[in-house]
Amino acid sequence: MHLDPLAIVTAFGLIFLAELPDKTMFASLAMGTRMRPLYVWFGTSTAFIVHVAIAVAAGGLIGLLPGWIVKLVSALLFAFGAFMLLRGGGDDEDEEGEKKTVTGFWPVYSTAFMAVFISEWGDLTQITTANLAASNGTWSTAIGSAAALMSVSALALLAGRFIATRVPLKTVQRIGGLCMLGLAIWTVTEIFLS
């Protein structure tokens with residue numbers, strides 16, 4: 001098992017920025033106001049780890065293709081991610097679910113797990129994780145991506161209200177989009193430099 005610190009940091013940074021304005025952050029915030037935050041975090045973190053494992057496995061399969069095809073697919077996926085973040089969109093608003101308070105570890109854990117597990121299928125961060133795993137290595141990408149997703153969930157639970165009211169999420173989206181666009185351009189140039 002080879003760990004590349006740069007690949008870990010890259011995965012962490014990209015996934016963190018992509019997930020920060022995502023609906024999952026707001027779902028964690030909402031669940032944390034009605035349920036015990038630590039139990040919510042355990043549930044969301046477990047769901048994120050499962051999704052990272054699935055994405056990394058898919059990326060590992062993509063990584064078996066010839067190098068230029070992997071880079072082309074990576075560039076297209078990064079460009080798609082940049083487009084999704086830069087186009088903005090107000091569909092990631094805090095959704096009000098049921099108002100009932102859920103208590104106890106297993107009910108809270110399972111509620112948080114299922115909310116994230118279902119909502120993250122085909123999400124931008126899952127696609128980006130698969131993309132990074134194909135080009136940067138599976139273990140490094142898995143560690144960086146899982147750490148980023150778990151950090152965003154913890155951040156939402158600890159300081160979500162502050163972020164939602166004071167930091168413009170469009171700014172975070174634009175920074176993440178520009179980073180992904182830069183990676184798309186860099187990956188295309190790597191095809192011609194190889």
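What follows is calculated from the coordinates using simple rules that are stated; it is not laboratory data. Given the structure is predicted, the values throughout are model-derived calculations rather than measurements. Don't worry about glycine lacking a Cβ; one is built from the backbone with ideal geometry, like all the others, and counts go over all protein chains shown.
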By per-residue mean of other Cβ atoms within 10 Å, what is the highest-first order of 4-10, 51-57, 69-75? 51-57, 69-75, 4-10
Please give, to one decimal in nm, the separation of the simple spin-label points placed at Arg87 and Trp186, each 7 Å out from Cα toward the Cβ. 2.5
